[in-house]
Amino acid sequence: MNAIEIFKYLPGGKKIENTNCKKCGFPTCMAFAIKLASKNTCIEKCPFVSNELKQLFIQANITQQHEINLGNNIKTGGETVMFRHEKTFVNPCRFYITLFSNDPDFEFKLNEIANYQIERVGETFKIDGIYLIDNGNINFALNKIKSKNLNIILKSKNDINLEDNFNDIILELDNFSNINKDSTIIVSSQDLNLLSQKSEKLQNDGFKSLILKYDNIENKNIKDVINDLTNIRYQAIEEKYQPFAYPVLTQIKEQDINKATAIASLLICRYSNIIVFDIFDKSMFSALLTLRQNIFTNPQKPLQVESKIYEINNPKENLDKAIVVMTTNFALTYFAVANELEAIETPTFLLITPSDGMSVLTAWSAEKFTADMVKKMVNENKILNNLKNKLIIIPGLLASMKEELEDALPNWKIIIGTVEAFELPQFIEKLNNELTNVS
Ligand code: SF4
């Protein structure tokens, strides 16, 4: 609840007796409401709070989906909205790979998984953890996984007797009676009602950190799976139904890469917090990690790169041939342009303006890409004074800025570049030919 909503229920908001009485320790009811909304005081400090407000406050403060720490600074859950555009998603869907502890190729497979990583738009992604099935030699396998900084979910039918340094791993067991109540455990069922009942029982038994495993999806129609997962998320987020207020795990047992990729794509979008895969294929994860990045990017914080001059193809050593290309610090724009420039041999200073991560036209219309800004960057980077060809290629979408930039930078030639990044190599090749012919 925000301060205005709280204030309406206080004596000050109702304009009744005790308004601004200061018994809460604050000078006015509004001051108390502001502190309460920001969680800097507690509701009990005001002796005149109505039962109605107390109930609303309890309801408003119920956790929708608990955030669970998986290890290695990786978390899952903590979601507060059904759709990203309402606010943002908090944690991306996590990917785990199944390994058997006594697999003769265990170390080889583990190394392959641990060494896999991809880079997309300036971010590096890896597999989040191992779903370890206990079929013997368990402490050896756990130690090996830990040494790779991968997180662990341990599935076992045996009585677990783990070394002390494995207290933080997540457990999927048949029986939790001997398990520390602070452990994170997995409660599983293929039936939503049963899943809810099991979750409620474990909460009543004192377990606070649960992961809900919606089981056996391979035996169901994918449409029903998505409906059930949406139902769980809806009940958690909108109804604040506590048995479902935990991250949800699904397991894909499909061995066909194309089918597994299609199923995983749906589960990433609706609404699996963790997916366990029974196969590990680099091309599949390249696609899925890219999709995951798209779905879980915070819409309130566009991906951006540092605003500065990037050197591509050693321009400092080739000042007689180097050119300047300019665009905004929206990460997608930067990587699209930089990749094209790296693919050709022309030495280039890529000038990236401080545009709050906005794309070219958005930045221009929000006055985050101005001639003064460009002039300042060019003048601050003295190395640019030593270029033989004093020309700056600006984005084709900003053709209307040409005159403004020429006024701001009278010693420079402003060239209207291409609208699309992929057109740049051909454009620059033509420009280089013209420069060669002139000289
Ligand atoms: Fe207002 Fe309650 Fe504080 Fe008195 S104790 S000032 S009524 S909020």
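The values are calculated or read from the model by the stated rules, or taken from the named source; none is laboratory data. Bear in mind that the values here come from a model prediction, so they are computed numbers and not experimental data. Positions of Cβ are generated from backbone atoms using ideal geometry, with glycine treated the same way; all protein chains shown enter the neighbour counts. These accessible areas exclude ligands, DNA and RNA; they are computed on the full protein's heavy atoms, side chains included. Shrake-Rupley method; radii C 1.70, N 1.55, O 1.52, S 1.80 Å.
Taking the conditions exactly as written (of a type outside the set (A, V, I, L, M, F, W, C), out of contact with any Ser or Thr (no Cβ under 6 Å at 6 or more places or on another chain), assigned to a helix (DSSP H, G or I) and open to solvent by 20 Å² or more (accessible area, probe 1.4 Å)), does residue 102 satisfy them or not? No: the conditions fail for residue 102. For residue 112, the stated conditions hold: it is more than 16 Å from the ligand (Cβ to nearest atom) and modelled with pLDDT of 95 or more. Just checking, how many residues over segment 77-97 are crowded, with 20+ Cβ neighbours inside 10 Å and either of a type in the set (Gly, Ala, Ser) or not in a loop (DSSP other than H, G, I, E, B) (or both)? Summing the residues that are crowded, with 20+ Cβ neighbours inside 10 Å and either of a type in the set (Gly, Ala, Ser) or not in a loop (DSSP other than H, G, I, E, B) (or both) in segment 77-97 gives 5.
Only a single criterion out of (1) exposed (fewer than 15 other Cβ atoms within 10 Å of the Cβ); (2) near the ligand (Cβ under 10 Å from one of its atoms); (3) within 22 Å of residue 80 (Cβ to Cβ) is not satisfied by residue 17, namely (3).
Pairs linking a residue in segment 420-439 that is closer than 19 Å to residue 318 by Cβ to a residue that is of a type in the set (D, E, K, R), with Cβ atoms under 6 Å and 6 or more positions apart or on different chains, are 424/340; 425/340.
Being open to solvent by less than 60 Å² (accessible area, probe 1.4 Å), over 30 Å from residue 57 (Cα atoms) and in the same structural domain as residue 391 (by TED's automatic domain parsing) holds for only one residue in 250, 261, 333, 290, and it is 333. In the set 386, 329, only one residue is at pLDDT 90 or above and either touching a Cys at 6+ places or on another chain (Cβ under 9 Å) or closer than 16 Å to residue 304 by Cβ (or both); that residue is 329.
Give me the residue from segment 20-54 that is more than 10 Å from the ligand (Cβ to nearest atom), farther than 23 Å from residue 80 by Cβ and not charged (D, E, K, R) and, out of that set, surrounded by the most Cβ atoms within 10 Å (Cβ to Cβ). So the residue we want is 50. Look through 394, 312, 323 and report the one residue that is touching an Asp or Glu at 6+ places or on another chain (Cβ under 7 Å) and open to solvent by less than 20 Å² (accessible area, probe 1.4 Å). None of the others qualify; the one that does is 312.
Taking the criterion of being farther than 15 Å from residue 325 by Cβ and surrounded by fewer than 16 Cβ atoms within 10 Å (Cβ to Cβ), the residues of segment 405-439 that qualify are 406, 407, 410, 411, 433, 434, 436, 437, 438, 439. Checked against the criterion of being open to solvent by less than 30 Å² (accessible area, probe 1.4 Å), closer than 30 Å to residue 166 by Cα, in a helix (DSSP H, G or I) and in contact (Cβ under 8 Å) with a residue 60 or more places away in the chain, the candidates 68, 113, 118 yield just one match: 113.
As a summary of the residue check, residue 362 satisfies the conditions (1) open to solvent by 40 Å² or more (accessible area, probe 1.4 Å); (2) under 27 Å from residue 316 (Cβ atoms); (3) not charged (D, E, K, R) except for the one numbered (2). Filtered by the rule that a residue be more than 7 Å from the ligand (Cβ to nearest atom) and of a type in the set (Gly, Ala, Ser), segment 3-14 gives 3, 13.
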